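The values are calculated or read from the model by the stated rules, or taken from the named source; none is laboratory data. Keep in mind the model is a prediction, meaning the values are calculated, not measured. Backbone-built Cβ (ideal geometry, glycine too); neighbour counts: all protein chains shown. Keep in mind that these areas ignore ligands, DNA and RNA; they rest on the heavy atoms of the full protein, side chains included. Shrake-Rupley method; radii C 1.70, N 1.55, O 1.52, S 1.80 Å.
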Amino acid sequence: MNADMEEQEDELLALNSIFDSEEFVRDRSKSAGEIRVSVELPADFTVTLKEGETLRKYEISYLPPLLLTFELPEDYPSSSAPSFSLTCSWLTHTQLSALGAQLTDLYQATGGAVVLFSWVQFLKEDALRFLDIHALFELPSDEHSIQYESQDSLNAALSEPKNNQQSVPTYRHSYCVQLAECGHIFCKACLRKICTLKITEGNVKAVSCPEADCSATPSPSQVKSLVGEELFSRYDRLLLQSTLDHMADVVYCPRPVCGSAVIVEKSSAAAQCPVCRFAFCVVCKKNYHGTENCPEKRNISEAQHANANLPQSQEGLTALWDDYASGSRLRRRLLESRYGRSTMQSTVVEYLSEDWITFNSKNCPHCFWMIQKNGGCNMMTCSQCGQLFCWSCLTRMSSHSAQHFGNGVCSQYQ
């Protein structure tokens, strides 16, 4: 392998380590590849687009990337520049030609050194300034996906139809998401932010097409690919819960160990849980008692009903509280309508506090006062009665504790 080939390989390996798979794609059959360069935009960057007689303005923070396709000749970098093409959906032929000429000048200025990374940095940081594009940019209304090719392909590129669409599928595939239900296309990063925000807030019904007056929703697989496994699990759970909460014919099994959704018939006061098979009255939530009325049971307080339906595990209560605390106003109202406002704002917190105390404290073996250990060794002194005891095994101890910890029964510091 000669010196040029070694430098080419080193440069391509460096690019592969710097950029991710969506930014840099290498053609391993030859010394070639393509790099997508996202241009850095100034603050408050605004584009204008003429639609008929109307001039519309849009403040944006991202533009579709420039596509730099290159192939390295055998005598690069010592003697020849890379063969390259520039493709962009928002620049004109003239602007792409100017950028291409500048890339060639940058190679000439290196005196025979590798230049691809320098090209990327120029396109990313200095392209707009070089083209005299500042905070306001007028998009060409009749030129899309224009391509410029270097060297002997320049004339052919300039004669291509201006409506060439060859870079659009690549751009859409890598950076955009198309909703199958409505066909609208959005920036993947922007849609990810929207979905993440709505799911975190608990407002899963708002995970829909951002287009005005469009109620289409992304598919579950699209949501999962956008927000990841953990947030998708929350989305899936809340979506099911939201759907059930809006169904008038759905109640929940009153058994604390179950709490499953149960579909009831409007004409019947009886229901049977499909999971645990418990038959109950939908009015009083007790064992089904036949067709007679239960007026005394109708006076059972909302809190009592709600408490019976609360999750019984620490994990379930924590998940419910996280859902309520981080949810949108609509989500909190739905949870309050199901469990009761006082239950959500006080009872759940009390249950969680009680569980925390149970897990993190023990009773004094002498007076049974609840003790919390917040540090130090395992020799404890009860703050109520003064009794010394071992935190690990709750054995009462005298003032001399060395024998208990010294005979290997318990460790003093674990």
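Quick look at the values:
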quantity	calculated
Cα→Cβ-extended label distance, 7 Å offset, between Glu53 and Asp132, nm	3.1 nm
Å² of accessible area per residue within the range 365-407, as computed with a 1.4 Å probe and no ligands counted	64 Å²
Under 26 Å from the Cα of Lys266 - lysines, other chains or at least 8 residues apart	Lys285, Lys286, Lys297
Separation of alpha-carbon centers, the range 1-80 and the range 224-255, rounded to whole Å	42 Å
Average accessible surface area per residue within the range 175-280, 1.4 Å rolling probe, Å²	55 Å²
The range 365-407 - percent of accessible surface contributed by carbon and sulfur, probe 1.4 Å	50 percent
Residue-normalised accessible area of the range 1-80, given per residue in Å² at a 1.4 Å probe	58 Å²
Cross-link pairs Lys57/Lys198; Lys124/Lys205; Lys30/Lys124; Lys57/Lys193; Lys57/Lys124; Lys50/Lys193 - those with Cα-Cα distance over 32 Å	Lys124/Lys205
Per-selection Kirkwood Rh - the range 3-138 (Cα, Å, 1 d.p.)	16.2 Å
Those trypsin sites (Lys or Arg not before Pro) in the range 1-91 that DSSP places in a loop and that have at most 15 other beta carbons within 10 Å	Arg28, Lys30
Eligible lysines near Lys373 by straight Cα distance, threshold 18 Å, same-chain separation 8 or greater	Lys362
Whole-percent carbon and sulfur share, accessible surface of the range 176-246, 1.4 Å	54 percent
Electrostatic dipole magnitude of the range 3-138 [Cβ: Lys, Arg +1; Asp, Glu -1; Cα centre; debye, to 20]	480 debye
